[in-house]
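The following block contains the structure, expressed as structure tokens.
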Amino acid sequence: ASSLEQPNENFAREILQLFSIGTEKLNLDGTTQNDGQGKPLPTYDQSVVDEFKRVYTGWYIPEIPCPPPNSGDTCGEWVAPMSFDPDYHDTDTKTLFAGFLPNPTVLPQDQTGSQDLNGAIDAIFQHPNVGPYVARELIHSLVTSNPSPAYVERVANAFNDNGSSVRGSLWAVVKAILLDPE
């Protein structure tokens, strides 16, 4: 079976785990939210990954002829945007973050691949973990490996609202990181 016929969960898992919300629910200051036994609460489980996996059905990386010295072989076209085949897209309703957010995102049935993809990106972007997760990761990369929770919270607040009710302003986040007294 081709990759179009068997949806792969790797991207669904990686975009959540590595690039947007992480594996543990965070407070605004980047500390973990814990259950009654002190164990961190998860941001998602396999059922969430399965729903996101369905969003990405039909999307694929096309193959092109490889340049020398591998002429005659095919290589992934990693520079151009991904391609989409609507015949392989799951058009059923998808519920994102069910059981993990009070208001999960519902992507209605019969949407196009682009509509589902944009809906999934919006659902991730609005997740409450994005601000503290991105703040902590960028502080680690740009300033220090051990930021205080107060520093993370100040930067997460800048992510959540740049002062003009705009969420996700990279300018506001970088400014908050680099101009912070800490």
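The values are calculated or read from the model by the stated rules, or taken from the named source; none is laboratory data. The shown structure was predicted, so the numbers you read here are calculated from the model rather than taken from an experiment. Every residue, glycine among them, receives a Cβ derived from its backbone with ideal geometry; neighbour counts consider all protein chains shown. Each accessible area value is taken on the protein alone, full model and side chains, heavy atoms only, with ligands, DNA and RNA left out. Shrake-Rupley method; radii C 1.70, N 1.55, O 1.52, S 1.80 Å.
E63 - would you say it is loosely packed, with under 13 Cβ neighbours inside 10 Å and within 26 Å of F159 (Cβ to Cβ)?
No.
Looking only at region 5-24, filter to residues that are touching a helix residue (DSSP H, G or I) at 6+ places or on another chain (Cβ under 6 Å) and within 23 Å of H89 (Cα to Cα); which one of those is least open to solvent (accessible area, probe 1.4 Å)?
A12
Kindly indicate which of T105, T57 is under 16 Å from the mean Cα position of the chain (by Cα), among the hydroxyl-bearing types (S, T, Y) and open to solvent by less than 70 Å² (accessible area, probe 1.4 Å). Walk me through it before giving the result.
Details: T57 fails: under 16 Å from the mean Cα position of the chain (by Cα).
Criteria check complete, one pass: T105.
Here is a yes/no grid of residues against (1) modelled with pLDDT of 95 or more; (2) within 16 Å of K175 (Cα to Cα); (3) out of contact with any Phe, Trp or Tyr (no Cβ under 7 Å at 6 or more places or on another chain):
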| position | (1), (2), (3) |
| --- | --- |
| N118 | yes, no, yes |
| I121 | yes, no, yes |
| I124 | yes, no, yes |
| P132 | yes, yes, yes |
| A135 | yes, yes, no |
| L138 | yes, yes, yes |
| N157 | yes, yes, yes |
| N162 | yes, yes, yes |
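A follow-up question, please. Kindly evaluate Y44 against the criterion of being open to solvent by less than 30 Å² (accessible area, probe 1.4 Å), under 19 Å from I15 (Cβ atoms) and not in a helix (DSSP H, G or I). Show your work before the answer.
On the way: open to solvent by less than 30 Å² (accessible area, probe 1.4 Å): yes; under 19 Å from I15 (Cβ atoms): yes; not in a helix (DSSP H, G or I): yes.
Yes.
Right, another one. Please identify the pairs in which a residue from region 84-103 that is more than 25 Å from I61 (Cα to Cα) has its Cβ atom under 8 Å from the Cβ atom of a residue that is buried (at least 18 other Cβ atoms within 10 Å of the Cβ) and small (G, A, S), counting only partners at least 6 apart or on another chain.
F97/A123
Being surrounded by 21 or more Cβ atoms within 10 Å (Cβ to Cβ) and either more than 12 Å from the chain's Cα centre (by Cα) or in a helix (DSSP H, G or I) (or both) is the filter here, so list the residues in region 124-133 that pass it.
V130, G131, P132, Y133 - these are the residues of region 124-133 that are surrounded by 21 or more Cβ atoms within 10 Å (Cβ to Cβ) and either more than 12 Å from the chain's Cα centre (by Cα) or in a helix (DSSP H, G or I) (or both).
To continue, here is another question. Among the residues of region 110-122, count how many are touching a residue at least 12 places away in the same chain (Cβ under 8 Å), open to solvent by 10 Å² or more (accessible area, probe 1.4 Å) and assigned to a helix (DSSP H, G or I).
Of the residues in that region, 4 qualify.
Among the residues that make up region 145-163, is at least one of them closer than 16 Å to I21 by Cβ, touching a residue at least 40 places away in the same chain (Cβ under 8 Å), of a type in the set (F, W, Y) and out of contact with any strand residue (DSSP E or B) (no Cβ under 6 Å at 6 or more places or on another chain)?
Scanning region 145-163, I find no residue that is closer than 16 Å to I21 by Cβ, touching a residue at least 40 places away in the same chain (Cβ under 8 Å), of a type in the set (F, W, Y) and out of contact with any strand residue (DSSP E or B) (no Cβ under 6 Å at 6 or more places or on another chain), so the answer is no.
Something else now. Assess whether N27 counts as being modelled with pLDDT under 95 and open to solvent by 50 Å² or more (accessible area, probe 1.4 Å).
no
Shifting gears a bit: Of all residues in region 144-182, which are of a type in the set (A, V, I, L, M, F, W, C) and open to solvent by 70 Å² or more (accessible area, probe 1.4 Å)? Before you say what the answer is, go through the steps one by one.
First pass over region 144-182, keeping only residues of a type in the set (A, V, I, L, M, F, W, C): 150, 152, 155-156, 158-159, 166, 170-174, 176-179.
Listed by number, the residues that qualify are L170, W171, L178, L179.
Among all residue pairs at least 6 apart or on different chains, which show Cβ distances below 8 Å where the first residue, located in region 59-82, is touching a residue at least 24 places away in the same chain (Cβ under 8 Å) and the second is assigned to a loop (DSSP other than H, G, I, E, B) and open to solvent by 70 Å² or more (accessible area, probe 1.4 Å)?
Listed by first residue and then by second, the contacts come to W59/M82; Y60/S3; Y60/M82.
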